[in-house]
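Enquirer: Structure provided below as structure tokens; questions to follow.
The values are calculated or read from the model by the stated rules, or taken from the named source; none is laboratory data. If you're wondering where the values come from, they're calculated on a predicted model, not measured in any experiment. Neighbour counts are summed over all protein chains in view; Cβ atoms, including those assigned to glycine, are modelled from backbone coordinates with ideal geometry.
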Amino acid sequence: MTKRTVVTMPGDGIGKPVLEEALRVLDAVGFEADYVHADIGWEFWVNEGNALPERTLKLLKEHRLGLFGAITSKPKDKAGAEISPALKDKGFVYYSPIVGLRQHFNLDLCIRPCRSFKGNPLNFIRRKGDGFEEPMVDVVIFRQNTEGLYAGVEWTDPPPNVREALGTHKKFARFADVKGDDLAVSTRIFTRQACNRIVREAFEYAKKFGYKSVTICEKPNVIRETSGMLEFEAKKVAGDFPGINLWSTNIDAQMMWLTKNPEDYGVIVAGNMFGDIVSDGFAGLVGGLGFANSANIGKDCAVFEPTHGSAPKYEKLDPPIVNPIAMVLSSCMMLDHIDETDKAKAIRDSIAKVIADGKVRSYDMMKLRGGPDAIGQGAATTTQVTDAIIANL
């Protein structure tokens, strides 16, 4: 098999140590690759005015496969305040680099598995009669990655032509007299092609891995046009997949039901914002952000990342204490993507054994507060968790 080149983008905060640990696991399982470092994150915004430098885009364009750690992302005013004095008032505008990556390479499919590991003390439990039960959750969220509210088409003080266009809608009349500086507009844009693609990919995934249902999780009773288009395309696609049920839930109701009967759901499809919300909700049932892995996949490029943030307060702890499993599971998704499925399974089986054994647990699995004191209370370091995974390989 041809040796791969993987672009590694540690980013900010804990992205750096967890990516290092994932590479150790990949080496241990026998995955042979050349790793090329690429710059991304807050440091490059502050010093260069660009959190996603052009040199990084060139590397990904060449190699088409990336592992990403985490980034620090801040609101507009804080980003402007922290940029280097030499770059102030030069027209630089901060934009999330991971969103930028998704849009630049049209990584339109975001796949977020949320699966329970037996023995994880963070798994969801519910009351049953006089006792409790622990339903095993196995849900995969397909989140549309490049459109919706995250498309970035928004304004504060919209220009006259935008206001004029908005004014053609009768429901904009009550905003017509709002002063420009007091008016902010964000658009939610869906296209039929993107809706059809993500639904079809979700059904293909369900067919391949034996899931019995695909659920559209939106809000078509209120956001009629965009949610309605996704639902319409889902009904068309479902006809090509007999035996897989098509369900529909509203995002607000889904957030209640996911703690009532999470084991009933298989593959869930949603737009960008609702997909973000529901995937975090299900991640909370299977251990939280320390287990939340994801893939950003386009037609000819893919980037894999944990969904947790950079948690900069933990970056300088020595030794590091953060849970590396989300990053390691993200690397497993990369292996699956390039048909190294045996290696991916070996890693997941090893993680399952570490969790089931219960001898090596990170601070989150021990339900401790993060900080240097966690190790003294029995929590394993980041490196020790990785060591245990490698030992089981």
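Enquirer: Note down all Cβ pairs under 8 Å where the first residue falls in the stretch 288-316 and is in contact (Cβ under 8 Å) with a residue 40 or more places away in the chain and more than 21 Å from THR386 (Cα to Cα), the second is of a type in the set (Lys, Arg) and part of a loop (DSSP other than H, G, I, E, B), and they're at least six residues apart or on different chains.
Expert: Going by the 8 Å Cβ cut-off, the qualifying pairs are ASP300/ARG64; CYS301/ARG64; ALA302/ARG64.
Enquirer: If I filter the stretch 13-32 for residues that are touching a Lys or Arg at 6+ places or on another chain (Cβ under 7 Å), in the same structural domain as GLY309 (by TED's automatic domain parsing) and among the charged types (D, E, K, R), do I get at least one hit?
Expert: Start the filter on the stretch 13-32 by keeping residues that are touching a Lys or Arg at 6+ places or on another chain (Cβ under 7 Å), which leaves 29-32.
Okay, now just the ones that are also in the same structural domain as GLY309 (by TED's automatic domain parsing), so 29-32.
When the remaining residues are screened for being among the charged types (D, E, K, R), the result is 32.
Checked against the condition, which is being touching a Lys or Arg at 6+ places or on another chain (Cβ under 7 Å), in the same structural domain as GLY309 (by TED's automatic domain parsing) and among the charged types (D, E, K, R), the stretch 13-32 yields at least one hit.
Enquirer: So, in the stretch 257-282, exactly how many residues are more than 15 Å from the chain's Cα centre (by Cα) and crowded, with 17+ Cβ neighbours inside 10 Å? Outline the logic, then answer.
Expert: As a first pass, look at the stretch 257-282 and keep what is more than 15 Å from the chain's Cα centre (by Cα): 257-267.
When the remaining residues are screened for being crowded, with 17+ Cβ neighbours inside 10 Å, the result is 258, 262, 265-267.
Residues that pass the stated criteria total 5.
Enquirer: A follow-up question, please. How about the stretch 42-97: which of its residues are more than 24 Å from LEU19 (Cα to Cα), touching a helix residue (DSSP H, G or I) at 6+ places or on another chain (Cβ under 7 Å) and part of a loop (DSSP other than H, G, I, E, B)?
Expert: Across the stretch 42-97, the qualifying residues are GLY49, ILE83, SER84, TYR94.
Enquirer: Follow-up. Would you mind stating whether ASP339 is more than 14 Å from ARG24 (Cβ to Cβ) and either among the hydroxyl-bearing types (Ser, Thr, Tyr) or surrounded by fewer than 14 Cβ atoms within 10 Å (Cβ to Cβ) (or both)? Outline the logic, then answer.
Expert: On the way: more than 14 Å from ARG24 (Cβ to Cβ): yes; either among the hydroxyl-bearing types (Ser, Thr, Tyr) or surrounded by fewer than 14 Cβ atoms within 10 Å (Cβ to Cβ) (or both): yes.
For ASP339, the condition - more than 14 Å from ARG24 (Cβ to Cβ) and either among the hydroxyl-bearing types (Ser, Thr, Tyr) or surrounded by fewer than 14 Cβ atoms within 10 Å (Cβ to Cβ) (or both) - is met.
Enquirer: Output the qualifying pairs, or none if there are none: Cβ atoms under 8 angstrom, residues six or more apart or on different chains, first residue in the stretch 18-38 and charged (D, E, K, R), second residue surrounded by fewer than 22 Cβ atoms within 10 Å (Cβ to Cβ) and in a loop (DSSP other than H, G, I, E, B).
Expert: GLU32/LYS3; ASP34/LYS3
Enquirer: Another question about this same structure. So LYS343 passes all but one of these: (1) basic (Lys, Arg); (2) under 27 Å from TRP42 (Cα atoms); (3) in contact (Cβ under 8 Å) with a residue 40 or more places away in the chain. Which condition number does it fail?
Expert: Just one mismatch for LYS343, condition (2).
Enquirer: If you don't mind, another one. Can you confirm whether the stretch 226-236 contains a residue that is touching a residue at least 24 places away in the same chain (Cβ under 8 Å), more than 23 Å from CYS110 (Cβ to Cβ) and either polar (S, T, N, Q) or buried (at least 17 other Cβ atoms within 10 Å of the Cβ) (or both)?
Expert: No, the stretch 226-236 has no match at all.
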